[in-house]
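The values are calculated or read from the model by the stated rules, or taken from the named source; none is laboratory data. As the structure is a computational prediction, the values presented were derived from the model and not from experiment. Positions of Cβ are generated from backbone atoms using ideal geometry, with glycine treated the same way; all protein chains shown enter the neighbour counts. Calculation scope for accessible area: heavy atoms of the full protein, side chains included, ligands and nucleic acids excluded. Shrake-Rupley method; radii C 1.70, N 1.55, O 1.52, S 1.80 Å.
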Amino acid sequence: MFGITGRYNIHEIERALRRKAPKVIPIYQTYFNELNLEIVPIPAKEELKPYHEYTSDKDVPVLVSAINSHADFLVTGDKKDFSGLKHCKDIMLQILSPSECIEATGRVFQDFQKG
């Protein structure tokens, strides 16, 4: 599976759209389904406790969702909010900004096409 997101992330995106850009919601709904993402359930409260030292409370469910899905990357526009992970050797997630993700994805596809 190439794309994974957490149910918590979806709730946060939809809440922000309702607040900031409600007219975009029908477009979002149409194209979101086309992404065919694997959706990770919202983590249980007990799962969140060990990770509060690495990021803000609001971002812990995002982090735990990524960990639970065994993701290699966590793509976020708030990369600085996950800077606490730099000192954690137990979490093997690479934190990327959206532009870094697009750049890395482009390199992978270029390498794939070269054979």
- Query: Looking at Val40, is it touching a residue at least 40 places away in the same chain (Cβ under 8 Å) and of a type in the set (Val, Ile, Thr)?
  - Reply: no
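One line per residue, one yes/no per condition, for (1) at pLDDT 95 or above; (2) open to solvent by 100 Å² or more (accessible area, probe 1.4 Å):
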position	(1), (2)
Phe32	no, no
Leu35	no, yes
Pro41	yes, no
Glu47	yes, no
Asp78	no, no
Taking first residues from the stretch 1-22 that are of a type in the set (S, T, N, Q) and second residues anywhere that are in a helix (DSSP H, G or I) and surrounded by 12 or more Cβ atoms within 10 Å (Cβ to Cβ), the pairs with Cβ under 9 Å that are 6 or more apart or on different chains are Thr5/Ile13; Thr5/Ser65; Asn9/Pro61; Asn9/Val62; Asn9/Ser65
Residues in the stretch 16-30 that are under 19 Å from Val75 (Cα atoms) and either among the aromatic types (Phe, Trp, Tyr) or open to solvent by 90 Å² or more (accessible area, probe 1.4 Å) (or both) total 1
